[in-house]
1. As a quick test, which of the pairs Lys123/Lys161; Lys74/Lys204; Lys153/Lys207; Lys127/Lys207 have an alpha carbon distance above 19 angstrom in this structure?
2. Assigning unit charges at the beta carbon (Lys, Arg +1; Asp, Glu -1) and nothing else, what dipole magnitude in debye, to the nearest 20, does the stretch 65-214 show about its Cα centre?
3. How would you rank 170-178, 38-46, 102-110, highest first, on the average number of other Cβ atoms within 10 Å across their residues?
4. Once a ≥ b ≥ c are taken as the square roots of the eigenvalues of the Cα gyration tensor of the stretch 90-214, is the result rounded (a/c under 1.5), prolate (a/b larger than b/c) or oblate (a/b not larger than b/c)?
5. For Gly142, which sequence-distant residues (separation of 5 or more, or a different chain) have an amide H within less than 5 Å of its own amide H, given hydrogens modelled in the peptide plane?
6. Please state the shape class of the stretch 82-141: rounded when a/c is under 1.5, otherwise prolate if a/b exceeds b/c and oblate if not, all from the C-alpha gyration tensor.
7. Can you give me the distance in nm between label points at Glu126 and Asp147, each placed 7 Å from the Cα along the Cα-to-Cβ direction?
8. Stretched out fully, how many nm does the piece from Arg43 to Asp92 gain, at 0.36 nm a residue minus the Cα gap?
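The values are calculated or read from the model by the stated rules, or taken from the named source; none is laboratory data. Fair warning: this is a prediction, and the values are worked out from it, not measured in the lab. Note that each Cβ is placed from the backbone with ideal geometry, even for glycine, and that neighbours are counted across all protein chains shown. These accessible areas exclude ligands, DNA and RNA; they are computed on the full protein's heavy atoms, side chains included. Shrake-Rupley method; radii C 1.70, N 1.55, O 1.52, S 1.80 Å.
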Amino acid sequence: MICGYEWGYSKTDQENDEAGNVQPIELNSGCTFSNKGLCYGPRAYSWPYDQNIIKWFGFWGHALNRDNPGDFEKSIAQTNWCNTEGHSMGGDYTKLLIPVHVDNFIFHVDHFRPSVILLMGSKLIEKMQDGKVLGRFKQIMGNCTKDPFAVQKPFNGRRFKVWFQSFERCEVACLPHPSGSHGLNDDYIALFRDEVGGLLSRYKRNKFELSSAS
């Protein structure tokens, strides 16, 4: 499960909506995270948030197939902590702990029961440790088996921390926001191939290879 702060609503999208220039959303059972154009039209392939994440999966050794998605692509769910739309969080992350937004996050965790969660935004791992969230999360995913820890790589540029946390039934990684982190460099994200790529490899092996062999 990929989880960001809230649903993006770019100024360009807003202008197109107001001008009536947006293609209506079409429900399509073949739509996956990497080929949203089936539902939203060509504009979906210009959204920086999505396109950066798709690029990151390639850096980590798990390129997403847009034209012919397989079981891995179809298993990826996308949601956001807050069920709201905005141009940006504006530096105010207190809204993440408003009960209705905590309920939204926990609802999606409970509904999808993901074995891997990729949090997209550095504040999300911090808010997840709050007493309003962590206890409810553990009721679904089991006890914490490895406390949050950060990995920071040597790099000639801005060095972001990537956080990891383990539970009995879920692995969590928290990354910088794909389209809102100033100074974030593709080459830096690619350095986490072993950590995040390894996590995805274990997910694939447990979900697809071991299940098919049993």
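1. Result: Lys153/Lys207; Lys127/Lys207 exceed 19 Å.
2. Values: 20 positive and 17 negative charges, 52 e Å.
Roughly 260 debye, rounded to the nearest 20.
3. On the way: 170-178: 21.6, 38-46: 14.7, 102-110: 17.7.
Result, highest mean first: 170-178, 102-110, 38-46.
4. oblate
5. Amide H neighbours of Gly142, under 5 Å, 5+ apart: none.
6. Numbers: a/c = 1.68, a/b = 1.54, b/c = 1.09.
Prolate is the answer for the stretch 82-141, as a/c is 1.5 or above and a/b outweighs b/c.
7. 1.8 nm
8. Roughly 14.8 nm would be gained on extension.
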